Amino acid sequence: MSRWGARGERLLEAARASRPFLPGFVLNAGLVVAVVVFGWSLLEIAVVYVLEIAVINLVSLVVALFTPQPIEDLDGERWNTAPTPIQPVPQIPPVYARNVRFVLRYVAFVGVLVPVLFHRLVSVYGSESLYTASIGIAVGGIVLFELPRVWRYFVRDRSHRAQSPMDAITFGDTN
């Protein structure tokens, strides 16, 4: 193989290995572009990151409802028994009753944390520049980045069946 052929193969291997990180790189590069092109301030960037936390947690908490495996580190009778599925719509995976209380605990935490952070940012910096198309595009980018990521690791091939609610929460935290 020629010298350029081997280098080309290594570059292709590196590109394949880094493919899962490409959307995150594009998203963060987009923030740099937003500062340079749209003149974003610290407020807009902070708001985007708070909204990113909200979106990631929302998606992770929804996935946690569909994971049937018990949480190993938690004691309690409900984690030592078979999960009780509730499937109101046949097209989506069943929700497990024992996961609902677990998810509600996290919803209470995130449901307080995100509004407090958002309110603090707006009260310090004002809200006039938050209602722009560029902020909307950034939030749309976060959603479009997160949904395929969750699809790949939890929904495709029904891999959520081998996961616990804590796995879904931890997955969201690693973003």
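The values are calculated or read from the model by the stated rules, or taken from the named source; none is laboratory data. Nothing here was measured: the structure is a model prediction, and the numbers come from that model. Reconstructed Cβ throughout: ideal geometry from the backbone, glycine too, with neighbour counts over all protein chains shown.
Would you check if V32 is within 16 Å of the chain's Cα centre (by Cα) and either assigned to a helix (DSSP H, G or I) or not acidic (D, E) (or both)? Even if it seems obvious, please write down each step before you answer.
On the way: within 16 Å of the chain's Cα centre (by Cα): no; either assigned to a helix (DSSP H, G or I) or not acidic (D, E) (or both): yes.
Criteria not met by V32.
Is it the case, given these coordinates, that T81 is of a type in the set (S, T, Y) and either loosely packed, with under 13 Cβ neighbours inside 10 Å or farther than 23 Å from Y153 by Cα (or both)?
Values: of a type in the set (S, T, Y): yes; either loosely packed, with under 13 Cβ neighbours inside 10 Å or farther than 23 Å from Y153 by Cα (or both): yes.
Yes: the conditions hold for T81.
Which is outside any helix (DSSP H, G or I) and in contact with a Ser or Thr (Cβ under 6 Å, 6 or more places away or on another chain), of I92, I71? Talk me through it step by step, then tell me what you get.
Details: I92 fails: in contact with a Ser or Thr (Cβ under 6 Å, 6 or more places away or on another chain).
Checking each option against the conditions leaves just I71.
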Mind listing whichever residues of the range 123-134 are part of a helix (DSSP H, G or I) and at pLDDT below 75? V124, Y125, S134
Look at V32 and say whether it is closer than 24 Å to L144 by Cα and touching a residue at least 24 places away in the same chain (Cβ under 8 Å). no
Members of the range 30-53 that are modelled with pLDDT of 80 or more and acidic (D, E): E52
Qualifying positions in the range 8-19 - exposed (fewer than 11 other Cβ atoms within 10 Å of the Cβ) and part of a helix (DSSP H, G or I): R10, L11, L12, E13, A14, A15, R16, A17, R19
